[in-house]
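> Structure below; questions to follow.
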Amino acid sequence: MVHDNDADAASGESREYLEDLERATPRVQAILDADRRFAAHEAGHVVIACSLGLKVHSVTIDGGPHAAIDPAAELRHRIQVLLGGWLAEWIDNGRQSLDNGRDSAVHDDRRIEEEFDSASIPLADRATIKNECSATADRVLTARWKQVENLKVMLLTFKTLDDIDVRKTLWPYCNPGHRAEAPL
């Protein structure tokens, strides 16, 4: 884990990483682009979770991108967190189509349907709930885009962050008991 107080070092390393992106061969470029997409996606999950006051245990883009977030959240909050990943990719891509990001959207959609099924939400209500959660997640990510970018830089630099790294990176927005957004 990172746990150092020098965020400037991470920023410098990240700038070098981004310069390397520009010089990379097409095959390497594709791998690095995937890392950037994964970092934006996982950062989106984490920023939404933190805005809702949920505990983030860890986040990684190494070996299978994943954000470990407190599963005890209420249904709408879990849906917002799931949507946050895809929405962050979309915003990071200039709100343009995500042809190469479709796999993550399909994966998150499948998980959202599992959440609806486990909560026995009627089919007729699912689209409305998903649209409301999507609109809220989009507003949060837009308002907190700087935090998404900061977390993305940290993930590109260190690959894995634990709860302390996340809280330091997103201070003051990701701390126990802090809830930046009003409840739905």
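Any read-out appearing in this document is the output of simple, stated calculations on the displayed coordinates, not a laboratory observation. Worth saying up front: this structure is predicted, and the values here are computed from it rather than measured. Counting neighbours? That spans all protein chains shown, and the Cβs are built from the backbone with ideal geometry, glycine included.
> If only Cα atoms are counted, what is the Rg of segment 43-176, and what is its Dmax, in Å?
That works out to 14.2, 43 Å for Rg and Dmax.
> Further question on the same structure: In nanometres, what is the gap between the two model label sites at Thr128 and Arg15, each 7 Å from Cα along Cα-to-Cβ?
Placing both labels 7 Å along Cα→Cβ, they lie 5.1 nm apart.
> Here is a further query. Just order 84-91, 28-35, 120-127 by mean Cβ neighbour count inside 10 Å, highest at the front, would you?
On the way: 84-91: 25.0, 28-35: 13.6, 120-127: 9.9.
In descending order of packing, they fall as 84-91, 28-35, 120-127.
> Mind checking which lysines have their C-alpha under 18 Å from Lys146, skipping anything on the same chain fewer than 8 residues away?
Of all the lysines, those that pass the test against Lys146 - Cα under 18 Å, at least 8 places apart if same chain - are Lys168.
> Quick one: which residues, 5 or more positions from Ser58 or on another chain, have an amide H under 5 Å from its amide H? H modelled 1.01 Å from N in the peptide plane, none for Pro or chain starts.
Result for Ser58 returns Ala68.
> Give the calculated FRET efficiency between Glu114 and Thr142 to the nearest 0.05, with a Förster radius of 25 Å applied to their Cβ-Cβ distance.
Efficiency, from the Cβ-Cβ distance: 0.40.
> Fewest to most neighbouring Cβ within 10 Å: what's the order for Thr128, Thr160, Thr169?
Thr128, Thr160, Thr169
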